[in-house]
Amino acid sequence: MSDFLQLTLNGVAVGCIYGLVALGFVLIYKATELVNFAQGDLLMLGAFVCYMAVVWWGLDYWLAFAIAVVAIAAFGALLDRFVLRHVIGQPQFAVVMLTIGLGSIFRTFASVTWGSEIYTLPTPFGGVWKIGSITLSHQYLSIIIGTLLLCSVLYAFFNWTRIGIAMQATSQNQLAAYYMGIPVKMIFSLIWAISAATATAAGVLLAPVTLIDINMGLAVALKAFAAAVLGGFGSIPGALLGGIIIGLIELFSGALLPDGFKDTMPYIVLLAALIARPQGLFGTPGRKKV
């Protein structure tokens with residue numbers, strides 16, 4: 001039982017990271033119908049900016065966290081304004097190739113700027129709590145609590161602010177939102193900024209667990225994309241739940257199954273789930289009449 005509880009706690013923590021990154025996928029897709037395959041690389045850039053602020057500049061961890069979130073959020077908004085806005089309405093293949101290319105550019109930039117070494121981010125979450133035979137790592141608890149806080153803030157923002165409601169309207173019908181006086185282009189930039197900020201928060205929270213390197217976002221982005229699909233691409237609650245499910249499957253398969261299943265089992269479960277329910281857990285089936 002203690003091993004089960006330990007794996008569950010760690011799986012939920014890892015799943016929260018996948019859920020946060022999946023949330024970025026979903027936010028962008030709902031508003032613009034674009035899939036941003038550079039989401040994991042924004043996570044990586046955010047972790048590096050926080051590392052630079054803490055280690056190079058000697059700033060407090062929380063101040064560095066805030067600087068990283070604001071900097072990458074601004075970068076996300078500029079990315080939409082000057083690059084991605086021009087491909088809205090183009091074939092999905094072009095958008096996919098563009099975001100994959102952007103991710104490669106971001107990794108090259110990180111390699112040139114910070115090198116290919118692996119870095120450790122100093123954090124105030126270095127201790128553990130012992131409850132019987134269960135070890136509660138402060139790092140994993142910080143991931144879970146940080147995810148809950150961020151999701152609560154996003155929920156309040158989307159439901160109780162004028163800008164959040166405008167974002168929901170834009171995601172449902174861009175043309176109708178435009179006719180109602182909503183600045184759709186500005187909303188797109190804000191959504192990209194929020195998505196990039198969410199990825200940065202995930203990267204900073206994950207950094208003490210996996211360490212920081214130029215490829216840290218690749219595996220996370222793939223599993224986060226699987227989480228978004230499993231939850232129902234376009235569903236915000238589904239993205240979070242899908243992330244937790246993927247995290248739990250990954251941890252339990254790594255502990256209970258032979259070597260190699262830890263990285264493949266989440267995708268096997270994803271395929272099985274999509275065969276049974278192609279729209280995902282929270283998705284709604286779409287139909288077109290011709």
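The values are calculated or read from the model by the stated rules, or taken from the named source; none is laboratory data. If you're wondering where the values come from, they're calculated on a predicted model, not measured in any experiment. Here the Cβ is made from the backbone with ideal geometry for all residues, glycine too, and neighbour counts use every protein chain on show.
Residue check: is LYS185 modelled with pLDDT of 85 or more, closer than 30 Å to PHE157 by Cα and under 21 Å from the mean Cα position of the chain (by Cα)? It is false that LYS185 is modelled with pLDDT of 85 or more, closer than 30 Å to PHE157 by Cα and under 21 Å from the mean Cα position of the chain (by Cα). Considering (1) modelled with pLDDT under 90; (2) surrounded by 22 or more Cβ atoms within 10 Å (Cβ to Cβ); (3) assigned to a loop (DSSP other than H, G, I, E, B), the lone condition that ALA228 does not fulfil carries the number (3). The residues of the stretch 231-263 that are at negative phi, surrounded by fewer than 16 Cβ atoms within 10 Å (Cβ to Cβ) and more than 20 Å from the chain's Cα centre (by Cα), listed by number, are ALA255, LEU256, LEU257, PRO258, ASP259.
Of all residues in the stretch 1-20, those that are within 18 Å of VAL229 (Cα to Cα) have Cβ atoms under 7 Å from Cβ atoms of residues that are polar (S, T, N, Q) and in a helix (DSSP H, G or I), 6 or more apart or on another chain, in CYS16/THR147; GLY19/THR147; LEU20/THR147; LEU20/THR198.
Within the stretch 58-85, being over 17 Å from TYR29 (Cα atoms) and charged (D, E, K, R) holds for one residue alone: ASP60. Only a single criterion out of (1) closer than 15 Å to ALA201 by Cβ; (2) touching a Pro at 6+ places or on another chain (Cβ under 8 Å) is not satisfied by VAL55, namely (1).
Name the one entry in VAL70, VAL87, VAL95, VAL54 that is among the aliphatic types (A, V, I, L, M), within 30 Å of LEU9 (Cβ to Cβ) and surrounded by 14 or more Cβ atoms within 10 Å (Cβ to Cβ).
On the way: VAL70 fails: within 30 Å of LEU9 (Cβ to Cβ); VAL87 fails: within 30 Å of LEU9 (Cβ to Cβ); VAL95 fails: within 30 Å of LEU9 (Cβ to Cβ).
That would be VAL54, the only listed residue that is among the aliphatic types (A, V, I, L, M), within 30 Å of LEU9 (Cβ to Cβ) and surrounded by 14 or more Cβ atoms within 10 Å (Cβ to Cβ).
Only residues that are at pLDDT below 90 and more than 22 Å from ALA193 (Cβ to Cβ): list them for the stretch 91-116, please. Once the filter is applied, which keeps residues that are at pLDDT below 90 and more than 22 Å from ALA193 (Cβ to Cβ), the stretch 91-116 yields PRO91, GLN92, PHE93, ALA94, MET97, GLY115, SER116. Selection within the stretch 132-169: residues that are outside any helix (DSSP H, G or I) and in contact with a helix residue (DSSP H, G or I) (Cβ under 6 Å, 6 or more places away or on another chain). The member of this set that is nearest to VAL21 (Cα to Cα) is ILE134. Exactly one residue out of ILE191, ILE187, ILE182 is in contact with a helix residue (DSSP H, G or I) (Cβ under 6 Å, 6 or more places away or on another chain) and not in a helix (DSSP H, G or I), and it is ILE182.
Among the residues of the stretch 264-280, count how many are assigned to a helix (DSSP H, G or I) and either buried (at least 21 other Cβ atoms within 10 Å of the Cβ) or not β-branched (Val, Ile, Thr) (or both). If you could, list the steps in order and put the result at the bottom.
Let us first name the residues in the stretch 264-280 that are assigned to a helix (DSSP H, G or I), namely 264-276.
The next check asks that each one be either buried (at least 21 other Cβ atoms within 10 Å of the Cβ) or not β-branched (Val, Ile, Thr) (or both); those that pass are 265-267, 270-274, 276.
Qualifying residue count, the stretch 264-280: 9.
Can you tell me which residue within the stretch 109-121, out of those that are in a loop (DSSP other than H, G, I, E, B) and surrounded by 12 or more Cβ atoms within 10 Å (Cβ to Cβ), is nearest to the chain's Cα centre (by Cα)? Before you say what the answer is, go through the steps one by one.
Initially, the stretch 109-121 is screened for residues in a loop (DSSP other than H, G, I, E, B), giving 115-118, 120-121.
After this cut, where a residue has to be surrounded by 12 or more Cβ atoms within 10 Å (Cβ to Cβ) as well, the list is 118, 121.
Working: ILE118: 21, LEU121: 19 Å.
The extreme case among them is LEU121.
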